[in-house]
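One structure is given here, and the rest of the page talks about it.
The values are calculated or read from the model by the stated rules, or taken from the named source; none is laboratory data. What you see is a predicted model; the values in this text were computed from it and never measured. Positions of Cβ are backbone-derived with ideal geometry, glycine not excepted, and every protein chain shown enters the neighbour counts. Ligands, DNA and RNA are excluded from the accessible area calculation, which covers all protein heavy atoms including side chains. Shrake-Rupley method; radii C 1.70, N 1.55, O 1.52, S 1.80 Å.
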Amino acid sequence: MEAYFDNGATTRVFSQVKDIMIKVMGEDYGNPSSMHMKGVRAEQYVKEAKENIAKTLKVEPKEIVFTSGGTESNNMALIGSAMANIRRGKHIISTRIEHASVYNPLFYLEEQGFEVTYLSVDKQGMISLEELEAAIRPDTILVSIMYVNNEIGSVQPIDQIGALIKKVNKDTIFHVDAIQGYGKYDVYPKRWKIDLLSVSGHKIHGPKGVGFLYIKDKTKIHPLILGGGQQKGMRSGTENVPGIAGLGLAAKLIYEDHESKISYIRGLKERFVRQVMELPDVKDNSGEAPHIASISFKGVRSEVLLHALEEKGVYVSSGSACSSNKPAISGTLKAIGLTKDYYDSTLRFSFSIYNTAEEIDYAVDCLKELLPVLRRFTRR
């Protein structure tokens, strides 16, 4: 049996998404900037994708800018808004459990003379609203807080955070990395006072290499990519029409019968966690997200267990896919106060609608078989 439990890293593409991308590449392959009918047809795919996405967020299509994915969306949001608002201040607020595509741009901005305040989190990976309120200053130009953490699945109260930011400083821009949250939850940027919101296609059964950034109308932000002025100058370069068409359709499909989809995924997670917690020396670090389970297995290195599971056809991650191939200890696991016994013994299991209860049971059976053997050979 094969059990793919690394949906936090990437998801299997919806078959309808694959079909529309093949059609665009094979038949409607025009450049959307061209004036002939091939170009007009390509432009229609871009327009329709914007409309599909805007409907899911209850925003205007003109507020959607397509990017190459979540990393570019986060870079554009952080660097673009910081540089555009530098005259108002140079103070930024974020957290200690952000994705690398947020904290690395923040490190870059610090090198450019910006000051960044990093909010702490509790053992559940949640920020303190009181700490956030105390950190906001008259010169705070940007707050960037992840909706759903990609490693442990903690879910921040974005609606409360947005209201708080605007109450303390109405001019502060609020950016949300919603890459693990979009498609799992309803997201309402207008209601939640969000100015910038990042999303990636391949987390919602869409294609890799495409994402979008929601930019609230009249938000001051500089483009990072300059050229032919596509997308009203916000992101130059010929649009990735097959990818955009696939993303737009994936966004529409993921929110159809949404409550049923998420209930099913949450049921799989709960079934897995319930069974795995019956095993000895196991710790559950999971947050509220329906699709992410973070489990620590004392006495076994995560990399060793990952590959042992892989040999049995069970695919998981040792954290963020973007950093799981690096030996550094997870900043998120440190931030939630995990003890050293569990630092290098944690795996992420992430689920989707394509998983089954049988796969869950098979993975747990594999763990029951592997853990005693691996612990016996672990050097203490």
For the pairs LYS218/LYS252; LYS50/LYS190; LYS50/LYS167; LYS23/LYS58; LYS23/LYS208, note any where the Cα-Cα span goes beyond 19 Å.
-> LYS218/LYS252; LYS50/LYS167; LYS23/LYS58
So, over other residues within a Cβ distance under 10 Å of THR332, counting Lys, Arg +1 and Asp, Glu -1, the net charge is 0
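Counting heavy atoms of the protein chains only and a 1.4 Å probe, report the per residue accessible area for region 155-234 as a whole number of Å². All intermediate terms of the calculation are to be shown ahead of the outcome.
Numbers: 3120 Å² over 80 residues.
Heavy-atom accessible area per residue stands at 39 Å².
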Quick one: Cα centre-to-centre distance for region 129-157 and region 170-246, in angstrom?
-> 19 Å
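For region 108-213, what number results from the quotient of the Cα radius of gyration and 2.2 N^0.38 Å? Display every interim value, and only then the final one.
Numbers: Rg = 14.3 Å, N = 106, 2.2 N^0.38 = 12.9 Å.
So region 108-213 has a normalised radius of gyration of 1.10.
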Net charge over other residues, Cβ less than 13 angstrom from the Cβ of MET35 (K, R count +1; D, E count -1) = +1
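Could you compute the net charge surrounding LEU247? Neighbours are other residues with a C-beta less than 12 Å from the C-beta of LEU247; K and R count +1, D and E count -1. Mind dumping the intermediate values first?
Working: positive: LYS50, LYS203, LYS208, LYS252; negative: GLU48, GLU239.
That sum, taken over residues with Cβ under 12 Å, equals +2.
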Per the Kirkwood formula over distinct C-alpha pairs, the hydrodynamic radius of the chain in angstrom is 21.6 Å
Express in Å², to the nearest 10, the accessible area of HIS36 obtained by rolling a 1.4 Å probe over the protein heavy atoms while all chains stay in place.
-> 100 Å²
With viscosity set to 0.692 mPa s and temperature to 37 °C, compute the Stokes-Einstein D of region 65-122, Rh being the Kirkwood radius across alpha carbon pairs; µm²/s, no decimals.
-> 276 µm²/s
Ignoring ligands, DNA and RNA, how do TYR103, TYR343 rank by accessible area with a 1.4 Å probe, largest first?
-> TYR103, TYR343
Going by alpha carbons, how many degrees (0 to 90, nearest 10) lie between the helix axis of 258-276 and the longest principal axis of the chain?
-> 30 degrees
Out of PRO105, ASN149, LEU333, whose Cα points farthest toward the positive end of the dipole of the chain (charges: +1 Lys, Arg; -1 Asp, Glu; placed on Cβ)?
-> PRO105
Relative to the longest principal axis of the C-alpha atoms of the chain, give the angle of the C-alpha long axis of helix 15-26, reported between 0 and 90° and rounded to the nearest 10°.
-> 40 degrees
Dipole of the chain, Cα-centred, from +1 at each Lys and Arg C-beta and -1 at each Asp and Glu C-beta, to the nearest 20 debye?
-> 640 debye
Could you work out the per residue convex hull volume over the alpha carbons of region 6-125, in cubic angstrom?
-> 177 Å³
Descending semi-axes in whole angstrom, ellipsoid equivalent of region 9-59, from the Cα gyration tensor | 22, 17, 8
Looking only at lysines whose Cα falls under 29 Å of LYS340's and that sit 8 or more positions away or on another chain, we get LYS123, LYS269, LYS283, LYS298, LYS312, LYS326, LYS368
Enumerate the amide H contacts of ALA3 below 5 Å, restricted to partners 5 or more residues apart or on another chain; note that Pro and chain-start residues carry no placed amide H.
-> VAL314, TYR315
Relative to the chain, whose Cα atoms define the longest principal axis, helix 100-111 and its Cα axis are tilted in degrees, nearest 10, by 60 degrees
